[in-house]
Amino acid sequence: MNKELTLGTVEVSDAFEAMELFWRNNWTDGLPIVPPTEEKVAQFLDYVSLAPDTTIAEVAERAASVTAEMVAVNAVMAGCLPEYMPVVIAAIRAVTDPEFHFNHLASLGSPWPLLIINGPIVKKLNFNSGLYLFGPGNRANATVGRAMSLILWNCLDVKPGGILRGCLGHPGRWAFCIAENEDSPWEPLHVIEGFDKNTSTVTAFPSTDGTRRVGPFYRQPKPVLDALAFHISAAEFVRGPYLVVINPQVATQIFAAQGWSKRDVVKYLEGNCRLSVADLKRISRWAWWGDYVANDPPAIEPGDDSRFIYLFHDPPGQDKYVDLVFPRATRERKTGIMVVVGGGNASNIMYVLRPNISTTSPVTKAIETPD
């Protein structure tokens, strides 16, 4: 390591006293931490050959920056291995990229970035892409996800009492990190995003505080996708990025076996996600934003049940309704569907993660490893 650590030290008698100190000072997210000793922090910095004061990311909205030492301290606290440092660094760079629009993490809808790991590093570091994908039990997934949480908590004030204004909170705040199963016949996410297959990446996907479980009992691609399109539409019907997690059995046996690529699935879904005007009125998505507040839903008029608004495109005639359904801010960000293969290999279950009304665009960054 080229320079001495700069963040200062505290003296404690043992690890338990260290944890109590961190709880008292609100330096943790509520869970116990691994004490970030000088020796451990130095190991993490040495692994990536970075000086402690190296700037990893800058956040103009907060007039703040994140240094390599800050990343290392919080990664140690989260329980990471030194080998995870390049992944955590890439994740922080993704979330602080201007395209992600960092300040939207303060939204009332409690958005939080899901980290999606792709490339050779998935198997090298044993990230989980399979059974119990969104659950606990895997060190790499859990600690990288938590490192993100702690860095934002301690370095950028993303916590209650700081910039967070989430009404209900986000359960993924503890550790929201998955990997894609790249053994399927489909192109992985990072290749579709323009990266080489042999490049490892992390994608920060801005999700809101809920997932929708979908399990259509069909064996043909179009009926499955029609059901999935309805669930995507009914989830919120706001424009922005949606993520669909399809388990390997469905991806392989229903879609790939019948000649459907991942791009085909995305194209079909984006072309068929829609709701009727009547349903939009029923679920408070018709003239619902801005200063519009009503005691009762708008009246359903003749023809509303057969007049459709499309989520991802504007067919002829829809343009006159766009301002009634989609706030302008949501029309100025990336919109569409990302598909990831993952989860257990013995079911029809899929997940849909929807965007928050004010969240922005997913960002993918390459992971720079020392070897």
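The values are calculated or read from the model by the stated rules, or taken from the named source; none is laboratory data. Just so we're clear, the structure is a prediction, and the values are computed from it rather than from any experiment. Neighbour counts are summed over all protein chains in view; Cβ atoms, including those assigned to glycine, are modelled from backbone coordinates with ideal geometry.
Looking across segment 194-224, the residues that are surrounded by 15 or more Cβ atoms within 10 Å (Cβ to Cβ) and more than 26 Å from Phe176 (Cβ to Cβ) come down to Pro221, Val224. Filtering segment 336-371 to residues that are of a type in the set (Val, Ile, Thr), at pLDDT 90 or above and either not assigned by TED's automatic domain parsing to the domain that holds Glu187 or not in a loop (DSSP other than H, G, I, E, B) (or both) leaves Ile337, Val339, Val340, Val341, Val352, Val363, Thr364. Taken over segment 197-224, residues that are assigned to a loop (DSSP other than H, G, I, E, B) and either modelled with pLDDT of 90 or more or among the β-branched types (Val, Ile, Thr) (or both) amount to 6.
Of note, Ala227 satisfies the criterion of being modelled with pLDDT under 95, over 23 Å from Pro206 (Cα atoms) and outside the structural domain of Cys177 (by TED's automatic domain parsing). Considering segment 273-287, and only residues there that are assigned to a loop (DSSP other than H, G, I, E, B) and either within 17 Å of Gln318 (Cβ to Cβ) or in contact with a strand residue (DSSP E or B) (Cβ under 9 Å, 6 or more places away or on another chain) (or both), the residue that is modelled with the lowest pLDDT turns out to be Ala287. Taking segment 338-350 as the range and being closer than 20 Å to His231 by Cα and more than 13 Å from the chain's Cα centre (by Cα) as the test, the residues that pass are Val341, Gly342, Gly343, Ser347, Asn348, Ile349, Met350.
Within segment 318-327, one or more residues are more than 26 Å from Ala204 (Cα to Cα) and either outside the structural domain of Ser233 (by TED's automatic domain parsing) or crowded, with 18+ Cβ neighbours inside 10 Å (or both). Screening Ala64 against (1) within 18 Å of Leu156 (Cβ to Cβ); (2) surrounded by 19 or more Cβ atoms within 10 Å (Cβ to Cβ); (3) among the aliphatic types (A, V, I, L, M) leaves a single unmet condition, (2).
Residues that are within 29 Å of Pro355 (Cβ to Cβ), free of Cβ contacts under 8 Å to residues at least 12 places away in the same chain and in contact with a strand residue (DSSP E or B) (Cβ under 7 Å, 6 or more places away or on another chain) number at least 1 in the following strands (runs of 3 or more DSSP E) confined to segment 49-131: 64-67. Of all residues in segment 259-278, those that are over 16 Å from His231 (Cβ atoms) have Cβ atoms under 6 Å from Cβ atoms of residues that are assigned to a loop (DSSP other than H, G, I, E, B), 6 or more apart or on another chain, in Lys262/Trp186; Lys262/Glu187; Val277/Arg307; Ala278/Ile300.
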